[in-house]
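Taken together, the values in this text are just the output of simple stated rules run on the coordinates, not laboratory data. Bear in mind the structure is a predicted one, so any value in this text is a computation, not a measurement. Heads up, the Cβs are rebuilt from the backbone with ideal geometry, glycines too, and the neighbour counts pull from every protein chain shown.
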Amino acid sequence: MNADDLKKLTTESLNELAALLEQGRSERLIAVLKTIGRFHRYSLHNVCLILAQRPSATRVAGFQTWRTIGRFVRKGEKGIAILAPIVRRRRDDTQDDESQVVVGFRAAYVFDVEQTE
């Protein structure tokens, strides 16, 4: 999946969320809000992507993160595509740590804990 496909999927998910909010209380809306609560450190766009691709996800992390905590992604598991920022250093002469800027987004893959052993 490339970044454009992910943006399209995010837009569809956000439109669905808006429609659910207009309808009022529903089981689907409650499920979406629970997912947002579980992944509060992720952007709303990435939460929508996780929900669209793997609604049963409980904890997600990248391949290397799972390895560092002693868990391994099972062979053949498909990752959940999210949008990760591409950060570049500004070309200013300053050497501050704050001299970074987001120049775009790329597709990155995370895996649910159920996909690891």
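Key figures
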| item | result |
| --- | --- |
| Per residue, the convex hull volume that the Cα atoms of the chain enclose (Å³) | 136 |
| Loop chymotrypsin sites (Phe, Trp or Tyr not before Pro), the stretch 1-98, which have at most 13 other Cβ atoms in a 10 Å radius of their Cβ (DSSP) | Phe72 |
| Sequence-separation-based contact order of the stretch 5-73, relative, with Cα cut under 8 Å and 6+ spacing, percent | 30 |
| Most mobile of Ile82, Ile69, Ile36 in a GNM of the chain (Cα contacts under 10 Å) | Ile69 |
| Calculated FRET efficiency for the pair Met1/Leu29, C-beta based, R₀ 22 Å, to 0.05 | 0.30 |
| Gain upon complete extension [Ala84, Gln64; 0.36 nm per residue less C-alpha separation] | 5.7 nm |
| Extended-chain gain in nm, criterion 0.36 nm per residue less alpha-carbon gap, Arg71 and Arg38 | 9.9 nm |
| Relative contact order (%) - criterion: Cα under 8 Å, at least six apart; region: the chain | 29 |
| Distant-in-sequence amide H partners of Phe105 (H built 1.01 Å from N, under 5 Å) | Ile86 |
